[in-house]
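Single-structure report; data block below.
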Amino acid sequence: MNAFLQTAQLYDKVRSVILPAEWSEFAPDVDAILALKREKNAVILAHNYQTPEIFHGVADIVGDSLALAREAMKTDAEVIVLAGVHFMAETAKLLNPSRTVLIPDLRAGCSLAESIIAQDVRLLRQRWPGVPIVTYVNTSAAVKAESDICCTSGNAKKIVESLGVPKVIMLPDEYLAQNIARETDVEVITWAGHCEVHERFSAADVRQVRAGHPGVVVLAHPECPPEVVAEADFAGSTAAMADYVERERPGRVVLMTECSMSDNIAALHPEIEFVRPCNLCPHMKRITLPKIRRALETMSHEVTIDPAVAEPARRAVERMLAVH
Ligand code: 13P
Ligand code: SF4
């Protein structure tokens, strides 16, 4: 049977966002990846920003950073392929160190993770003695290792408030920190890191979308500048935005975030109109079906973490997961 027919059921899920001719190109890799997963006892964890042929075609688990971390910890599979960026693969390895964790392209980085190194965190601790350091998961394991606790966009407010202190340092996303500061009485000291995808949205974009598309519901990721979040109808993690659409079923919606998010939800809801001033994340887009196939065929690139860094980094992530 040819690969298109073999994968016809999967194609049904994405037919509203992928043309048949495109799927013909994807099908041989999808088919091969499904067989490789069985052969290698592997699971594919895919972030919400992965393209629909990955998200709906080969992923076993999809979600935001928090969900992927929790699922990585729980899986019995011997191999975890992280279809996402490097910090997510490191987090998976921290939480399930006996598994082989693969990232299909080592260059899948993140502008936030690049904005800070461990030495910066040590200097901040000297400058603000006794002030807890809350570190966004979008950081290297070395930065997490210098931190008291991690957070994601899905739990940042809860984590900050769980500490029961009047002041925290929140690294490295300045906008996420400012957006959280507006929601709590805790004073938040920020760092000047930005997501290169979300920093490009402006309040003018929101107004333009509203003017051109009456009745549109505006959802924004909290990595967007505070002026964008202030003008949005709802702000939340990628999973929270997907849940919002699922729950409220707006007729017309815009997601001020990475482009594939809209494609992945639109595939499930062809009746919803998605307005699309979105931005692409070049790091997320480094992950492709051929690279996932190659990762499983060659068992590369394996993610490893220096044990001296892994232990304190794991503690910071586990403290986060222990907060309910
Ligand atoms: P979420 O945790 O909301 O999915 O966002 C993280 C992110 O920006 C991944 O690049
Ligand atoms: Fe990093 Fe932004 Fe890309 Fe997410 S979308 S991986 S935060 S650069």
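The values are calculated or read from the model by the stated rules, or taken from the named source; none is laboratory data. As the structure is a computational prediction, the values presented were derived from the model and not from experiment. Counting neighbours? That spans all protein chains shown, and the Cβs are built from the backbone with ideal geometry, glycine included. Surface accessibility is based on the protein's heavy atoms, side chains included, excluding ligands, DNA and RNA. Shrake-Rupley method; radii C 1.70, N 1.55, O 1.52, S 1.80 Å.
Values for this structure:
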item	result
The chain - share of DSSP beta bridges that are antiparallel (%, nearest 5)	5 percent
Relative contact order for region 1-156, counting Cα pairs under 8 Å that sit 6 or more residues apart, in percent	16 percent
Accessible carbon and sulfur surface of the chain relative to its total accessible area, %, 1.4 Å	50 percent
Tail weight of P(r) past 36 Å, computed on alpha-carbon pairs of the chain, percent	18 percent
The chain: relative contact order as a whole-number percent, Cα under 8 Å and 6+ apart	22 percent
Amide proton proximity set for CYS151, modelled H, under 5 Å, gap of 5+	THR135, TYR136, VAL137
Cα gyration tensor shape of region 30-113, rounded if a/c is under 1.5, else prolate or oblate by comparing a/b with b/c	oblate
Ranked packing of 208-215, 315-322, most packed first, by mean Cβ within 10 Å	315-322, 208-215
Across the chain: Cys residues that no other cysteine approaches within a C-beta distance under 4.7 Å	CYS110, CYS150, CYS151, CYS195, CYS224, CYS281
Percent RCO, i.e. relative contact order, over region 1-90, from Cα pairs under 8 Å lying at least 6 residues apart	28 percent
Where GluC sites (Glu not before Pro) fall in DSSP loop in region 39-147, at most 14 other Cβ within 10 Å	GLU78
Nearby lysines by direct alpha-carbon distance to LYS144 (threshold 26 angstrom, same-chain neighbours under 8 apart not counted)	LYS74, LYS93, LYS157, LYS158, LYS167, LYS285
Region 118-135 - phi-based ³J(HN,Hα) in whole Hz, Karplus 6.51/-1.76/1.60, Gly and Pro as x	4, 4, 4, 5, 4, 5, 5, 5, 5, 6, 10, x, x, 8, x, 10, 9, 10
Heavy-atom surface of the chain, accessible at 1.4 Å and reported per residue (Å²)	42 Å²
Protection-proxy order for peptides 224-230, 96-102, each taking the mean of Cβ atoms within 10 Å per residue, highest first	224-230, 96-102
